[in-house]
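No value in this document is a laboratory result; all are computed from the given coordinates. What you see is a predicted model; the values in this text were computed from it and never measured. Here the Cβ is made from the backbone with ideal geometry for all residues, glycine too, and neighbour counts use every protein chain on show.
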Amino acid sequence: MDVSTLAECTRRDWESVDASSVEPVRFAVIGLGWFTRGRALPALEASDRCEPTVLVSSTSEKADRVAREFETPDHGITYDEFHEGVASDAYDAVYICTPNALHLPYAETASEFGKAVLCEKPLERSTERARELVETCADSGVALMVGYRMHTEPAVRRARELLADGYVGTPESVRGHMSQVMFDHVNPDTDQWRLDEELAGGGALFDIGIYPLNTARFLLDADPVAVTGRTQSTHEAFDEVEEAVTFTVEFPDELYASCFASHNAHQSSAITVTGTEGEIRIEPAFFQNRTRELHLSRGDTRTSITIDRVDQMLEEFDYFADRLRGEESILPDGDHGVVDMQAMEAVYGSDASGGWEPIP
């Protein structure tokens, strides 16, 4: 690959269907927190492949109020009304952005009505519930995708191509991290659901540690075989879930990825793959509102390339719609999401045992 062209490589190499030749996918958007209002709904409205038509929240008043803030939603309904089938003829797919432990019931209802499912990551609060969600969609014959937006982030896709083309030679090491002060950047409330183990399933690992874990899998096109890890909490708000986690993932052929995530550290993110002949680093890597750079080195050559910023949620939604309207298969699918659940639960197992834990 000619690396000099990478700065222009925001191309949608995944597109399989001309958007003008198909009907937009109509979405019921479930969960109207800050991320949905600030990221997901603006992306859906900007899309020429999607449109949000139904908003689902705890009260019809909130759903109606948020609907009035946007142009295309026609229906604002409650969670109970969604389960009852209200406005089920007004959407083709659901986008689930609720606390992790509530993903399954909404996927079950969507499956009953034959609606495709785009579910935020992690897939659920546990591997068992994640498997149940996947099986529910499969039994109903509805499409399921997990919302790993790095899979459609151009910087990550170009890095993956470079790796597949042998730019670094044989990968020997991966290093990835993501950190932020959650109370500054996400929600200042110390009573939020991300700190509730029953609703979240885990802390920094489930919320942001999943980024270096899954992006390493995507870049290497490989699944982990074992993990070891340790968790840490110093802030009193993190008494149910971990504040920070450090873990190492073993991939086939004794390739290891070292990862770190923290909900109470300086905002930073990067992922690096070092091989026998070169190195690729994406920094910043994971936060949406940052312009990404690819730092490349091979032999005596060093270069840094700025990748034009894209709306990551728009890319994710449009990819999903492209797959629903076309014939190409979806990745990341539910089975892909279950592997991350297994790996993260194995990290907690390792924290308890002090050793390596295999991934089934």
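Contact order for the chain, expressed relative to its length and based on alpha carbon pairs under 8 Å spaced 6+ residues apart, stands at 20 percent. Per-residue Cβ neighbour counts within 10 Å put Cys119, Cys97, Cys9 in the sequence Cys9, Cys97, Cys119, beginning with the fewest. Rounding to the nearest 10 and keeping the result within 0 to 90°, find how far the Cα-based axis of helix 210-220 lies from the longest principal axis of the chain. Helix 210-220 sits roughly 60 degrees off the main axis of the chain.
Please find the FRET efficiency linking Phe35 to Thr276, where r is the Cβ-Cβ separation and R0 is fixed at 30 Å, and quote it to the nearest 0.05.
Numbers: r = 40 Å, r/R0 = 1.33.
Efficiency for this residue pair is about 0.15.
With runs of 4+ DSSP H residues as the only contributors, calculate the mean residue ellipticity of the chain at 222 nm using -39,500 (n - 2.57) per run, divided by the residue total and rounded to the nearest 500. Show your work: numbers first, answer last.
Numbers: 11 runs with 109 residues, N = 360.
Rounded to the nearest 500, it is -9000 deg cm²/dmol.
For segment 234-244, the Karplus equation 6.51 cos²θ - 1.76 cosθ + 1.60, evaluated at θ = phi - 60°, returns couplings of 10, 6, 4, 5, 9, 8, 9, 10, 6, 7, 9 Hz by residue, with Gly and Pro reported as x. Applied to segment 339-345, the Karplus parametrisation 6.51 cos²θ - 1.76 cosθ + 1.60 on θ = phi - 60° returns per-residue 3J(HN,Hα) values of 4, 5, 4, 4, 5, 5, 5 Hz, with x for Gly and Pro. In degrees from 0 to 90, rounded to the nearest 10, what is the angle of the helix 154-164 Cα long axis to the longest principal axis of the chain? Relative to the chain, helix 154-164 is tipped by roughly 50 degrees. Backbone amide hydrogens, once placed in the peptide plane, bring Val117 within less than 5 Å of Val94, Ala143, Leu144, Met145, excluding anything fewer than 5 places away on its chain. Entry for segment 188-298 at q = 0.12, 0.19, 0.20 Å⁻¹: log10 I(q)/I(0) = -0.48, -1.05, -1.12, Debye formula applied to identical alpha-carbon scatterers, no solvent contribution. Taking θ as phi - 60° and the Karplus parameters 6.51, -1.76 and 1.60, the scalar couplings of segment 77-83 work out to 10, 8, 4, 4, 5, 4, 5 Hz in sequence order, x denoting glycine and proline. For the pair segment 178-251 / segment 24-66, the C-alpha centres are spaced 26 Å from each other.
Lys/Arg Cβ at +1, Asp/Glu Cβ at -1, dipole of segment 235-353 taken about the Cα centre: which of Thr248, His266, Met341 is farthest positive-ward? Highest projection toward the positive end goes to His266.
Which order results if Val245, Val310, Val338 are arranged by neighbouring Cβ count within 10 Å, fewest first? Walk me through the numbers on the way to the answer.
On the way: Val245 26, Val310 17, Val338 21.
Fewest to most other Cβ atoms nearby, the residues stand as Val310, Val338, Val245.
Computed from Cα positions, the angle between helix 103-112 and the longest principal axis of the chain comes to roughly 50 degrees.
Computed from the alpha carbon positions, the gyration tensor of the chain leads to an equivalent ellipsoid with semi-axes of 32, 25, 19 Å, biggest first.
Over the Cα atoms of segment 262-347, the radius of gyration divided by the Kirkwood radius equals 1.05; this is the Rg/Rh ratio. Between Ala265, Ala28, Ala40, the residue with the greatest mean-square fluctuation in the GNM of the chain (Cα pairs under 10 Å linked by springs) is Ala265.
What does the charge dipole of the chain about its Cα centre add up to, to the nearest 20 debye, if the Cβ of each Lys and Arg holds +1 and the Cβ of each Asp and Glu holds -1?
On the way: 30 positive and 67 negative charges, 190 e Å.
Charge dipole, the chain, about its Cα centre: 920 debye, nearest 20.
Note that segment 12-149 carries a Kirkwood radius of 15.1 Å, evaluated over its alpha carbons pair by pair.
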